[in-house]
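J.: Structure incoming, see below.
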Amino acid sequence: MTTLGAGRRRGAALSASAVRAVGRLLARLAARLGVCLAAVLLTYTLAALSFDPLAELRTTQPPTPQSVIDARATALGLDLPVLPRFGQWLAGAVTGDFGTTADGHDIAGEVSARAGTSIRLFLPGGVLAVLFGCGFGIWGALRAGSAADKLSMATALLLLAIPVFVLGTVLKLLWLPVNEAAGTDLLPFSGERTPGSDLAGWAALGDRLRHLVLPTIAIALPQIAFYSRYQRAAMLEVRDSEFLRAARGRGLRRGRAVRRHGLRMALIPMAPLVAFSFGLHLAGGVFTERIFGWHGLGDWLVTAIERQDANVVATATLLMAVLVVMVGWLADLALLLLDPRTRT
Amino acid sequence: MNVHRPIALTGAGLLALLVLAASVGPLLLPFTHTDQDLRNVLAAPSGAHPLGTARLGEDMLALCLRGLQKSLVIGLLAAVLTTALSALVGTVAGYLGGVADRVLMMVVDVLLVLPPILAVAVLSPALRGSSWLVLVLLIATFQWMVTSRVVRARARSLRVAGYVVAAENTGASTTRIVTRHLLPQMVPLLAIDCTLNVASAVLAEAGLSYFGFGVQPPDVSLGTLVATGTGSALTFPWVFLAPVGFLTATVLAAAMLGEGLRDDA
Amino acid sequence: MMLDIRDLTVSYRTRTGPVPAVRNLTLTVAAGEAVALVGESGSGKSATAFAVMGLLPDTARVEGSVRLADRELLGLSDRELSAVRGRQVAMVHQDPLAALTPVIPVGRQVAEAIAVHQPGLRRRDATERAVELLDRVGIAAARRRAGALPHEFSGGMRQRVAIAMAIANDPDLIIADEPTSALDTTVQAQILDLLDDVRARTGAALLLITHDLGVVARSCDRIAVLRRGELVEQGPVTKRFRRPASAHLRDLLTASGAEPPTAVAQVTAAGAGPLAAAVRATASDVGPTASEVEQAEPGAGAALRITGLRRHFPVRRGAVVRAVDGVDLTVDTGEAVALIGESGCGKTTVLREIIALRRPQEGTIALFGADVSGLRRRDRTALRGQVQMVMQDPASSLNPTMSVADVVAEPLRVHGWSRPDSRSRAREVLGLVGLSDEHAGRRPGQLSGGQRQRVAIARALAPGPRLVLLDEPVSALDTSLRVGIMDLLADLRERFGLAFLMTSHDLTLLRRTVDRVTVMYAGRVVETGPAADVLYAPAHPYTRALVAATPVADVAAARAGRGSAPAGEPPDPLDRTDGCAFRRRCPLHRELSAPDRARCGQVPLLAPVDRRQVACHHTDHALGGLGTHPAVEGHPAR
Ligand SMILES: Nc1ncnc2c1ncn2[C@@H]1O[C@H](COP(=O)(O)OP(=O)(O)OP(=O)(O)O)[C@@H](O)[C@H]1O
Ligand code: SF4
Ligand SMILES: [Mg+2]
């Protein structure tokens, strides 16, 4: 009877804590969205301050009449202060209308292609980076001080010292002889798929995957180096912790104590780290897109800056920020699962 | 901080060597970085040109040393500025807490959503033609967030440290507490982060220059050299690999020094 | 022999060469026996324990022999050792929070400790056993609480969980490494009682590591004293305490204030019951003479007068911690007053409110007759020099980057002294606390713990204060250093006519240092009066529980106190009880008749009882005819 009662009470407590957890997740999401909007506003403001879309008109020969320039300015909304202009653009953006490019094309049409390309590029790289980063970090910490550990740490340091745009090119440089020897592009260097090919089904998928290999490595390697160093430090701390020693004192073998008691504790600090550093890692993605000729968000953004196209900059930034929010939110979720202390 | 750890020593030595090469090297070379040896265009490394020559026959070594000079100066200045800014923001936020803390940390969060390099890039059209010092300022403006978080965490823990409370109890002013009790504790931490910031700043400059948003021609930096070299990386590798070597060595040296110091702090 | 340690030597490899922790230690524990391993911090106690468990870090080097039930443990593999650990020998760690995995519910951790030695056991059965064990070690509502995470438990409950795990497989030997030093004395007594209880049931031997001779006297048969890694003496506790062979043990005994057993023993033995006779006898034995009482009387005026002080901290979700909830307190010029009570009762908060020199949330604070709320800036600065504070932990209260001289000169600099003046004054006060010019140039890190606390005291003295607040001035120090610091404080007080307000857990030390004692419970004062009365013949049921729980380094007295630990946990600061806050734990309350009991539902106010003030509706029950005690006669009524 008491068992039953307790069981029911425990059930009630569980659902109450589940409700709290969901509430907490929603609150985190709202906070992250707010921060994301602020970041987009900042970029928009910077772009508005920096870009001069009328420069070309002003310098034409013969000079463009002032009235024409004014009309163009009004059309671009340049007579409004930045904030209302951003408001207008944002109001459109939430309904799927991202405005027009500087040369008058509709932006919305390109959004899904660009975002899709970036996600196909960043997602596998990011997931691999987290998996391998944590894996190497733990592996190293458990044999800290050994030659293998020292070597992997040195490699990590070296990888972090090589800029992504160099890494991509070096990968190409290293792979070139293989492609040449094979007489065909085993792993192609550029684009998402072989242009103009009429592959279908599995063959098309294979083609895409082969295009993906080198850029994914370029994106993942520096991140693996980055995460593994933090993971190693976290695991080292756990390895020397009193609770692990106590667990062994109860009769758990070393390995079992680490798996049952240490692993989870060591992974906990990684969740906020991923959330916090993903924005920084996006830079790597931008370079990679340019180097491997993927027409994703990063490529779009850089081109737009070159063309001083504020609307495209804002759109690309917004989409990237949404990506950051989503990753951050996944990290929040992971933290909630890993650390029951955060559930109350 | 133990300066005598092998990794820290190696980093320091390498960095010193690079600084020396950048400052003295160009004086010892028979070419300046603008001299064109038109009979030897895009020549492979040889006795006359140990690192080969570039598109217009410029000596690669001279170019690299010149670029190294610029990259180092930008990196060092930006790192010092970055660290000063983070120390200021971090201590204020961490020690005062409350509203100041919340506002400053919100700013940090906002700036961390997107790669800082993109913010600088967005501003670059407005800065065409201005001095490279502006670039230094911009790099620092968008790079201080990570260190400031570390400093803030430290300041927060120091806020309840016995001696800080003791000083408050004697009626010491906030300025006195920050300058006498908080900052001295942070010197090692700041030194380490400053070193690591050199590495990031050099990388940031290179990245911006790679996209054409950084150092503008005719000036050269390691970033612009790598950018120009990339196109011929598969055909004339030395044009690419030479600046890459210098760039990697610089970043690695700073990172090794910083890490070597940190492991012990 | 259950445990037979021979010539054990442990040293740690460090960057600066090997550091010896234990040297040639030989020690035995017979089956069912309780042996104390005593020594100061750093003397190698924990290294010994971990050497037996085979849990030393990889940087440690172990030599010698450790035999458990005639089996050599040194050199066994991790697999072989893990079959021994937790089954034949189990360990209870010092810090129960650090020793539990933070993200796994306590019930699961206990179940795992059972299942790891019984591979065939079904998960359900292990869980069931875990709940049983938790219940046995005194976790109320064990089934429900089994799902809680370690941080949701109080320190005492966590240590109960640790003990549950230790006895899960009926070990032959339990090693307890300072199992109670992170706990309040009241909870310490409970945990020691629990250890007694489980040993009585399982017959396990105990190796108890402690620095507290009171704990040794209470719980152990034999004692072994370690000093700098070497055994300096061992033998039966009763004999060794009476005739210590080594100077070290003698010093430790003196420092623990081992007193003639009579007075304390009887109060302790009296426990918390309404035993007026015992109390009366005690008071007549040790009560101060009339002339002593005269001296302790209010002098020229109050250095500090607090009325109705209140400090509430809002915490998340609208809850409020009532850290200080209506405290009245007076410290006369030149008087030493102690503030005592369990952890979290608000002692430090009172001191902080005073030193802040700001208008309190509620109530008044007056220093030397001046109300702090009305102070102008200049007056406040002037007053700062008059009131100084010494904090608990000298290791953290001194800035490690400053020289000792600069540390001491700091308050003077803040008050606008010139650099040379403050320097010479710093030298002067350092001399007062027994430090030389040579120390003045060092950094705090280059001083010993006792010297550091002297520096902290010198810093407080530098501006020439008249009132010094001391927050646990000796509790971070090794026992043998405590007496020295307390004597120094007493000496300084006398020379400079200082008034002291000090908090402390160590009632033994207070007995000889302070004039008056104020006891706090859950943010309120429950008893205040002359030290001799309050500490030797406590009137309030809570004070009595507190005094009874205080370990005394006297075997007979300490053992008599067994089993009399006050029930219940210290109050949850978030709880808001109406009526007497001590009601749930009050032993007197339980014995009262129903109508009397009902009165406890109202908040008791401080009311005079002979020379003191007590906040209990039923002091008459507790004290009987104490009011007419001879020692009190002829004493001007309050
Ligand atoms: N800044 C604060 N915010 C919230 N709660 C606080 C704060 N400071 C103290 N408290 C709480 O107020 C209560 C009283 O704390 P205080 O430090 O005065 O206790 P104490 O009697 O000195 O205890 P100890 O013996 O452990 O030193 C505790 O429950 C404590 O957790
Ligand atoms: S008032 Fe009642 S509950 Fe409170 S201490 Fe006195 S007897 Fe105990
Ligand atoms: Mg306290």
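The values are calculated or read from the model by the stated rules, or taken from the named source; none is laboratory data. Note that the structure is predicted; figures quoted are calculated from it, not measured. Backbone-built Cβ (ideal geometry, glycine too); neighbour counts: all protein chains shown. Side chains are part of the model used for accessible areas, which takes the heavy atoms of the whole protein and leaves out ligands, DNA and RNA. Shrake-Rupley method; radii C 1.70, N 1.55, O 1.52, S 1.80 Å.
J.: Give, as a single signed number, the net charge of other residues whose beta carbon lies under 9 Å from the beta carbon of C:VAL372, with Lys and Arg counted +1 and Asp and Glu -1.
T.: On the way: positive: C:ARG358, C:ARG359, C:ARG380; negative: C:ASP371.
Counting the neighbours of C:VAL372, the net charge comes to +2.
J.: Can you return the lysines within cross-link range of C:LYS45? Criterion is Cα-Cα under 23 Å, with same-chain partners fewer than 8 residues away left out.
T.: Answer for C:LYS45, where 23 Å is the Cα cut-off: C:LYS239, listed by chain and number.
J.: Could you calculate, for segment C:394-484, the ratio of the Cα radius of gyration to the Kirkwood radius, expressed as Rg to Rh?
T.: On the way: Rg = 12.4 Å, Rh = 13.1 Å.
Radius of gyration over Kirkwood radius for segment C:394-484 works out to 0.95.
J.: Once the dipole of the protein assembly as shown is set up with Lys and Arg at +1 and Asp and Glu at -1 on Cβ about the Cα centre, which of C:THR543, A:ALA334, B:LEU17 lies farthest towards its positive end?
T.: Working it through, the farthest residue towards the positive pole turns out to be C:THR543.
J.: Only Cα pairs within less than 10 Å get springs; with that Gaussian network setup on chain B, which residue of B:GLY229, B:GLY214, B:GLY98 has the largest fluctuation?
T.: Maximum fluctuation in the GNM of chain B, among the listed residues, is at B:GLY98.
J.: Can you work out the FRET efficiency for the pair C:ALA556 and A:ALA30, with r the C-beta to C-beta distance and R0 = 56 Å, to the nearest 0.05?
T.: For C:ALA556 and A:ALA30, the calculated efficiency is 0.25.
J.: Leaving ligands, DNA and RNA out of it, work out the accessible area of A:LEU128 with a 1.4 Å probe and give it in Å² to the nearest 10.
T.: The accessible area comes out at roughly 70 Å².
J.: Let me ask another. Calculate what fraction, in whole %, of the accessible area of segment A:95-146 sits on carbon and sulfur atoms when a 1.4 Å probe is rolled over the protein chains. Mind dumping the intermediate values first?
T.: Working: 1740 of 2510 Å².
Within segment A:95-146, the accessible surface is 69 percent carbon and sulfur.
J.: Moving on. When the dipole is taken about the Cα centre of the protein assembly as shown, and only Lys, Arg (+1) and Asp, Glu (-1) are charged at their Cβ, what size is it in debye, to the nearest 20?
T.: That gives the protein assembly as shown a dipole magnitude of about 1780 debye.
J.: Sticking with this structure for a sec: Probe of 1.4 angstrom, ligands and nucleic acids ignored: what's the accessible area per residue over segment C:365-455, in square angstrom?
T.: Working: 4090 Å² over 91 residues.
Accessible area per residue: 45 Å².
J.: Does anyone have the angle between helix B:60-91 and the longest principal axis of chain B? Alpha-carbon axes, 0 to 90°, nearest 10?
T.: That helix lies at roughly 10 degrees to the long axis.
J.: Next up: Rolling a 1.4 angstrom probe over the protein heavy atoms, how many square angstrom per residue are accessible across segment A:28-342? Can you show the working numbers first?
T.: On the way: 14110 Å² over 315 residues.
Per residue, segment A:28-342 has an accessible area of 45 Å².
J.: GNM on chain A, C-alpha springs below 10 Å: top fluctuator among A:VAL324, A:VAL68, A:VAL313?
T.: A:VAL68
J.: Within segment B:6-264, what whole-number % of the accessible surface is contributed by carbon and sulfur, with the 1.4 Å probe and all protein chains included in the calculation?
T.: So the carbon and sulfur contribution to the accessible surface is 70 percent.
J.: Buried accessible area between B and A (1.4 Å probe, both chains summed, ligands and nucleic acids excluded), in Å² to the nearest 100?
T.: For chain B against chain A, roughly 3500 Å² becomes buried.
J.: At q = 0.08 Å⁻¹, what log₁₀ I(q)/I(0) does the protein assembly as shown have when each alpha carbon counts as one equal point scatterer in the Debye sum?
T.: Debye curve over Cα of the protein assembly as shown, log10 I(q)/I(0) at q = 0.08 Å⁻¹: -1.07.
J.: Which residues' amide hydrogens lie under 5 Å from the amide hydrogen of C:ILE175, considering only partners 5 or more residues apart or on another chain, with H built in the peptide plane?
T.: Close amide H contacts, sequence-distant or interchain: C:ALA90, C:MET91, C:VAL92, C:LEU207.
J.: Any chance you could check segment B:90-123 for residues losing 30 Å² or more of accessible area when the partner protein chains are in, compared with the chain on its own (1.4 Å probe)?
T.: Residues of segment B:90-123 that lose at least 30 Å² of accessible area once the other chains are added: B:VAL110, B:LEU112, B:VAL113, B:LEU114, B:PRO115, B:LEU118, B:VAL122, B:LEU123.
J.: Can you tell me which aspartates and glutamates have their Cα less than 20 Å from the Cα of B:LYS70? Leave out same-chain residues fewer than eight positions away.
T.: B:ASP35, B:GLU58, B:ASP59, B:GLU205, B:ASP219
J.: Anything losing 20 Å² or more of accessible area from the isolated chain to the full protein assembly: pick those residues out of segment A:234-255, probe 1.4 Å, ligands and DNA/RNA ignored.
T.: Buried on complex formation: A:GLU242, A:PHE243, A:ARG245, A:ALA246, A:ARG248, A:GLY249, A:ARG250, A:GLY251, A:LEU252, A:ARG253, A:ARG254.
J.: Something else now. Using +1 at the C-beta of Lys and Arg and -1 at the C-beta of Asp and Glu, which of A:GLY293, A:ALA102, A:VAL322 has the Cα lying farthest in the positive direction of the dipole of segment A:28-342?
T.: So the residue furthest toward the plus end is A:VAL322.
J.: Please list the non-local residues whose amide H lies under 5 Å from the amide H of C:ASN399, H modeled 1.01 Å from N, same-chain partners needing a gap of 5 or more.
T.: When sequence neighbours closer than 5 places are left aside, there are no close amide H contacts.
J.: Just to verify a number: FRET efficiency for B:VAL107 and C:THR364, C-beta to C-beta distance, R0 = 41 Å, to 0.05?
T.: After rounding to 0.05, the efficiency reads 0.45.
J.: Can you tell me the dipole magnitude for segment A:28-342 around its Cα centre, using point charges on the Cβ only (Lys, Arg +1; Asp, Glu -1), in Debye to the nearest 20?
T.: 2320 debye
J.: Now, a different point. Which translational diffusion coefficient, to the nearest whole µm²/s, is obtained for segment B:166-265 from the Stokes-Einstein equation, given a Kirkwood hydrodynamic radius over C-alpha pairs, 25 °C and 0.890 mPa s?
T.: 152 µm²/s
J.: Using a simple charge model, +1 on the beta-carbon of Lys and Arg, -1 on the beta-carbon of Asp and Glu, nothing else, what dipole does segment B:6-264 show about its Cα centre, in debye to the nearest 20?
T.: Roughly 600 debye, rounded to the nearest 20.
J.: Considering only protein heavy atoms, what per residue accessible area in square angstrom results for segment B:6-264 with a 1.4 angstrom probe? Numbers along the way, then the final one.
T.: On the way: 10030 Å² over 259 residues.
In whole numbers, segment B:6-264 has 39 Å² accessible per residue.
J.: In square angstrom, rounded to the nearest 10, how much accessible surface does A:ILE224 have for a 1.4 Å probe?
T.: Here the residue's solvent-accessible area equals roughly 30 Å².
J.: Quick one: with all protein chains in place, what share of the accessible area of chain C is carbon or sulfur, to the nearest percent (1.4 Å probe)?
T.: Exposed carbon and sulfur together represent 49 percent of the surface.
J.: To continue, here is another question. What total accessible surface area, summed over both chains, is buried at the interface between chains C and A, computed with a 1.4 Å probe and given in Å² to the nearest 100? Spell out each step's value before the answer.
T.: Details: alone 27610 and 19420 Å², together 44390 Å².
Summing both chains' loss of accessible area gives about 2600 Å².
J.: Anything losing 10 Å² or more of accessible area from the isolated chain to the full protein assembly: pick those residues out of segment A:145-169, probe 1.4 Å, ligands and DNA/RNA ignored.
T.: A:LEU157, A:LEU158, A:LEU160, A:ALA161, A:ILE162, A:PRO163, A:PHE165, A:VAL166, A:THR169
J.: Would you mind checking the tilt of helix C:419-432 against the longest principal axis of the Cα atoms of chain C, expressed as 0 to 90 degrees and rounded to 10?
T.: The answer is roughly 60 degrees.
J.: Using only protein heavy atoms and a 1.4 Å probe, how much accessible area in total is buried between C and B, to the nearest 100 Å²?
T.: That pair hides around 1500 Å² of surface in total.
J.: Could you order the peptides C:381-391, C:59-69, A:173-183 from most to least packed, using the average number of other C-beta atoms within 10 Å per residue?
T.: Result, highest mean Cβ count within 10 Å first: C:381-391, C:59-69, A:173-183.
J.: Taking a temperature of 37 °C and a viscosity of 0.692 mPa s, what whole-number D in µm²/s does Stokes-Einstein yield for chain B with Rh from Kirkwood over alpha carbon pairs?
T.: 164 µm²/s
J.: Here is a follow-up. Hey, what do the phi angles of segment C:385-398 turn into as Karplus ³J(HN,Hα) couplings, whole Hz, using 6.51/-1.76/1.60 and θ = phi - 60°, x for Gly and Pro?
T.: Each residue's phi maps through the Karplus curve to give x, 7, 10, 10, 10, 10, 9, 5, 9, x, 5, 9, 8, 10 Hz.
J.: At a threshold of 8 angstrom on Cα-Cα distance, excluding pairs fewer than six apart, so keeping six or more, what relative contact order does chain C reach in percent?
T.: Worked out over chain C, it gives 15 percent.
J.: Let me ask something additional. Ratio of Rg to Rh for chain C, alpha carbon only, Kirkwood? Could the numbers behind the result be given before it?
T.: Working: Rg = 25.9 Å, Rh = 26.4 Å.
Here Rg/Rh amounts to 0.98.
J.: Over what distance in Å are the Cα centres of segment C:1-56 and segment B:160-214 separated?
T.: Measuring centre to centre over Cα atoms gives 43 Å.
J.: Just the ratio, please: alpha-carbon radius of gyration of segment A:28-342 over 2.2 N^0.38 Å, N its number of residues.
T.: Output field value: 1.23.
J.: Let me ask something else. Compare C:SER593, A:SER241, B:SER148 by solvent-accessible area with a 1.4 Å probe and give them largest first, with all protein chains kept in place. All intermediate terms of the calculation are to be shown ahead of the outcome.
T.: Numbers: C:SER593 55, A:SER241 20, B:SER148 0 Å².
So, going from the largest accessible area down, we get C:SER593, A:SER241, B:SER148.
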